[in-house]
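*Asks:* My questions will all concern the structure given below.
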Amino acid sequence: MRPAPGGLPAGGAPRPPEAAPYRRPGFWQRLRSGNPSEGQLAWLLLLPALLTLALVMLYPVATVLWQSLHLERLNQPQRGTPFVGLDNFVRMLWGRGDMAWSLERLWVWRALLLAALLPLWYAVRRRALKPGLALFWTALLLLVAGWLMGYHPAEGTRWGDPRFWNSFSITLLLIAVTVSGAFLVGLPLALLANVRHPLKWLVRLGLLLPWAMPRVFSGLAFAWLFQSDYGVVNDLLGRLGVNDLLRAVLPAQWIGERGVFWLARDVPAIVAVSVAIVWKTSSFVGLILLAGLQSIDESLYEAARIDGANAWQRFWRVTLPLLRPAIMVALIFRTLTAVQTFDEPFAMTGGGPGRTLETLGIYIYKTVNGLDIGYAAALAVALFFVSTLITVFYLRWIYTDD
């Protein structure tokens with residue numbers, strides 16, 4: 001086709017110019033123009049908080065991880081901080097030489113453990129068992145197998161650092177005792193504080209006071225209460241005549257003329273410290289459960305009353321199922337603080353008698369005072385791993401479909 005005069009097409013209509021391809025403005029262009037997108041604005045608003053978290057959380061965690069992989073002893077500065085890899089963890093868990101882990105002595109228990117895990121997870125596959133419950137039983141089987149194996153395949157030795165296994169064991173014991181105790185005490189307190197009564201503010205004030213009290217202060221107060229010579233507990237038990245009964249029941253080395261040696265013997269010290277921790281933490285659990293109770297609609301209780309449900313049925317069928325998220329939150333926070341238990345045992349007994357109450361937190365503190373920074377960092381990483389494992393277990397339990 002021949003073009004028309006003037007360069008126009010044969011039809012005579014002018015050809016429209018080709019449109020330039022659209023280029024989306026970049027982040028800095030929109031920022032300079034003062035018109036960022038919603039996503040960019042969200043990142044800008046979150047940036048100060050992210051930088052703060054990176055500074056106060058990620059940097060310390062990275063520093064501890066770096067130190068755990070190095071030999072850093074302040075009493076030997078001439079050696080520097082050489083990289084040793086996982087040697088600190090090997091020293092903690094397995095040891096060397098006659099303290100080494102022996103497969104030949106453990107294969108029977110390991111075989112039985114594997115045999116028990118297979119039907120357990122087969123039931124999960126068949127949807128006959130919830131995954132959260134299966135995780136619980138798996139952890140329990142591992143704990144029982146570890147207890148039966150004794151953590152010491154060689155005679156008179158343990159897998160690695162005996163102090164680590166001792167502190168790990170007492171930490172697990174305090175978690176089991178104080179978390180369950182705080183829940184069993186905190187739930188009735190929350191129910192009592194939720195009752196409609198003109199004096200309910202007194203119960204709520206009673207919940208706030210232990211929670212607001214410094215942990216070291218409460219530990220020192222309970223150390224005075226459980227003092228064997230002039231403590232209030234032994235004085236009250238003596239006035240009530242309970243000490244005479246205890247003398248007939250308890251071993252002779254646990255009790256004297258004035259009462260039980262609460263802080264000078266192993267089992268009484270564990271009981272005294274557990275009571276102090278439960279008293280301090282049950283108020284925190286009660287406050288969280290009280291918030292959960294106040295979120296439950298009263299119309300559900302009215303409907304249950306109309307259907308003829310008594311008080312126990314309303315509690316079991318209405319309150320507990322709807323309180324489950326609050327219970328999980330309370331258990332998560334209470335368990336994490338129990339893993340890091342330090343203040344009450346240290347204030348009451350200093351980790352004693354002997355090393356009976358030397359928790360992981362106290363052991364890390366004493367290792368740092370011993371100037372072995374690299375090994376203390378490895379212990380801190382182990383503590384962080386235990387906390388993370390417990391948190392994942394709780395979250396998996398919460399978000400498991402019924």
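*Asks:* Between Glu257 and Ile296, what is the spin-label point distance in nm, taking each point 7 Å from the Cα along the Cα→C-beta axis?
*Replies:* 5.4 nm
*Asks:* Under a straight-distance cross-link criterion of Cα-Cα below 26 Å, which lysines are reachable from Lys200, leaving out those fewer than 8 residues away in the same chain?
*Replies:* Of all the lysines, those that pass the test against Lys200 - Cα under 26 Å, at least 8 places apart if same chain - are Lys280.
*Asks:* Order of Arg324, Arg126, Arg355 from fewest to most other C-beta atoms within 10 Å? Please list the in-between numbers first.
*Replies:* Numbers: Arg324 12, Arg126 8, Arg355 17.
With the fewest neighbours first, Arg324, Arg126, Arg355 line up as Arg126, Arg324, Arg355.
*Asks:* When Phe164, Phe385 are ordered from fewest to most other Cβ atoms inside 10 Å of their Cβ, what list results?
*Replies:* Details: Phe164 21, Phe385 10.
Listed from fewest to most nearby Cβ atoms, that is Phe385, Phe164.
*Asks:* Using Cβ contacts closer than 10 Å as the measure, can you line up Val84, Val61, Val273 from fewest to most?
*Replies:* Working: Val84 17, Val61 12, Val273 30.
Ranking Val84, Val61, Val273 by Cβ neighbours within 10 Å, fewest first, gives Val61, Val84, Val273.
*Asks:* Starting from the Cα coordinates of the stretch 246-305, work out the convex hull volume and express it per residue in Å³.
*Replies:* Values: hull volume 8.4 nm³, N = 60.
Looking at the stretch 246-305, the number lands at 140 Å³ per residue.
Read-outs: derived from the displayed coordinates by stated rules, not from any lab. Since the model is a prediction, treat every value here as computed from it, not as a measurement. Cβ atoms come from the backbone with ideal geometry, glycine included; neighbour counts cover every protein chain shown.
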